[in-house]
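One structure is given below, encoded as structure tokens.
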Amino acid sequence: MSRTSLTGFPVGRLTGTVGIAGLVSLTLLYFWTSLLTNCPSQRRQFKQLSDGQHEEKNPLAEETLGKPVLLLWVWPENYRFDLSDCKTIYNIDGCHLTDDRALYSSSDAVLVFHKAIRWYWYNLPPSPRPSFQKWIWLHVESPTNTWKIPGIENLFNLTLSYREDADIPVRLRLTINKTPNEDFKIPKKDKLVCWIVSNNAPSTGVGRRNAYYNELKKHVNIHLFGKAYGTFLDYKSYYPTIASCKFYLSFENSIHKDYITEKFNGPLSAGTVPVVLGPPRKNYERFAPGDAFIHVDDFPDAKSLAEYLMQLDRDEDAYRRYFNWRRHFSARPHLIVQNQEFVLAICTACDHVARHKEYQEAHDIYEWFFN
């Protein structure tokens, strides 16, 4: 006689029904588990933001949005600086400056440092250049100190140089005061003539300036500083030392059109009168008032110049007249930390690329630079 459950079904039939139901449940569980395991991963779900919160943005995407890309192909002299210095120091933020060569094919311009180019061009960017792209030749040395590398004459669309007729001239210039500045005070002086010299290699064209210095020192005392004469100045002492001198020898190592370097800007910004040896006076007057400096060509010889400097040392009123330009112009100190030597040039290139998107043909850089 078979037993019955409390529901009235026979116990054997109930057991069979439960077993079948369990088997079906296990089959369905396996089926859905397999589907979930093999499904592709879902897209990232954005988190729900509360009021006042904003989703995180990609800073690189924001930085490059709408800005031309300037690729720094190689760091000049391997002097690396913070790429944000253009904005921080010069308020230049018109391009996306990068050294990532993976961005080459999409870069609007590529900056190439002349002294870094190797013979046979093996370290130049890939050729042919994309039609939309500009290659910028960066070179701030004088022709005397320039090696000609054969075959690169017509590779570049743009020139970046100290020359005023370069496509991108680079120079720290005087600025005009909107209102006359009556507050400038000449720094306290305890030296008459000073000169800081870091390079004295004959191959760099220093013959003329050394000859003039050797004659000048016979007639006036000159305080010498710099690696070339064994008295190294640290960066913190550079401007205070120049400011402590009444006159500073702004002697260029070679004489060429527009080759007027930081040796001129240093004393102007420090409150000292530059005594210049370089291109003609008219060339200097393109960049500073004629009564802001003394040119060696204004005197028949070094002895006459020395006598004039000593005369100004005795005549305070006459000396002060060399600072009248300060009422109407301001001079900004240039960067002197070694790794920042090329910051101004590179930032100037960034500003140019941002402002100029027109076509520019390649031209023979050597024919222009040496002639």
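The values are calculated or read from the model by the stated rules, or taken from the named source; none is laboratory data. Quick caveat, the model's predicted, so the values are computed rather than measured. So basically every Cβ, Gly included, is an ideal-geometry build from the backbone, and we count neighbours across all protein chains shown.
So here's what we get for this one:
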item: Single residue of 164, 141, 153 found to be assigned to a loop (DSSP other than H, G, I, E, B), free of Cβ contacts under 8 Å to residues at least 40 places away in the same chain and either under 24 Å from the mean Cα position of the chain (by Cα) or surrounded by 12 or more Cβ atoms within 10 Å (Cβ to Cβ) (or both); result: 141
item: In region 56-104, residue modelled with the lowest pLDDT [restricted to those that are of a type in the set (Ser, Thr, Tyr) and either closer than 23 Å to residue 131 by Cβ or not in a helix (DSSP H, G or I) (or both)]; result: 64
item: Sole exception among (1) in the same structural domain as residue 71 (by TED's automatic domain parsing); (2) among the basic types (Lys, Arg); (3) over 17 Å from residue 357 (Cα atoms); (4) in a loop (DSSP other than H, G, I, E, B) for residue 189, by number; result: (1)
item: Given (1) surrounded by fewer than 17 Cβ atoms within 10 Å (Cβ to Cβ); (2) within 23 Å of residue 294 (Cα to Cα); (3) over 26 Å from the mean Cα position of the chain (by Cα), number of the condition residue 175 does not satisfy; result: (3)
item: Check on residue 311, over 21 Å from residue 67 (Cβ atoms) and of a type outside the set (Val, Ile, Thr); result: yes
item: Residues that are hydroxyl-bearing (Ser, Thr, Tyr) and either touching a residue at least 40 places away in the same chain (Cβ under 8 Å) or surrounded by 15 or more Cβ atoms within 10 Å (Cβ to Cβ) (or both), drawn from region 69-103; result: 79, 90, 98
item: Positions within region 303-328 being of a type in the set (A, V, I, L, M, F, W, C) and either in the same structural domain as residue 76 (by TED's automatic domain parsing) or in contact with a Phe, Trp or Tyr (Cβ under 6 Å, 6 or more places away or on another chain) (or both), in sequence order; result: 305, 309, 312
item: Subset of region 309-338 (residues that are farther than 20 Å from residue 162 by Cβ, surrounded by fewer than 17 Cβ atoms within 10 Å (Cβ to Cβ) and touching a Lys or Arg at 6+ places or on another chain (Cβ under 9 Å)); result: 313
item: Qualifying position, being surrounded by 21 or more Cβ atoms within 10 Å (Cβ to Cβ) and touching a Pro at 6+ places or on another chain (Cβ under 9 Å), among 354, 288, 349, 292; result: 292
item: Residues of region 255-283 classified as of a type in the set (Ser, Thr, Tyr), within 24 Å of the chain's Cα centre (by Cα) and crowded, with 20+ Cβ neighbours inside 10 Å, total; result: 1
item: 3 or more residues out of contact with any Asp or Glu (no Cβ under 7 Å at 6 or more places or on another chain) and under 27 Å from residue 176 (Cα atoms): qualifying helices (runs of 4 or more DSSP H) within region 254-321; result: 262-270, 316-320
item: Matching residues, region 157-202, being out of contact with any strand residue (DSSP E or B) (no Cβ under 6 Å at 6 or more places or on another chain) and of a type in the set (Ser, Thr, Tyr); result: 161, 162, 179
item: Some residue of region 205-215 being more than 25 Å from the chain's Cα centre (by Cα) and not in a helix (DSSP H, G or I); result: yes
item: Subset of region 215-229 (residues that are in contact (Cβ under 8 Å) with a residue 60 or more places away in the chain and touching a Lys or Arg at 6+ places or on another chain (Cβ under 6 Å)); result: 219
item: Cβ pairs under 7 Å, 6+ apart, first in region 230-244 and in contact (Cβ under 8 Å) with a residue 12 or more places away in the chain, second surrounded by 12 or more Cβ atoms within 10 Å (Cβ to Cβ) and small (Gly, Ala, Ser); result: 233/226; 239/270; 242/266; 242/270; 243/270; 243/271
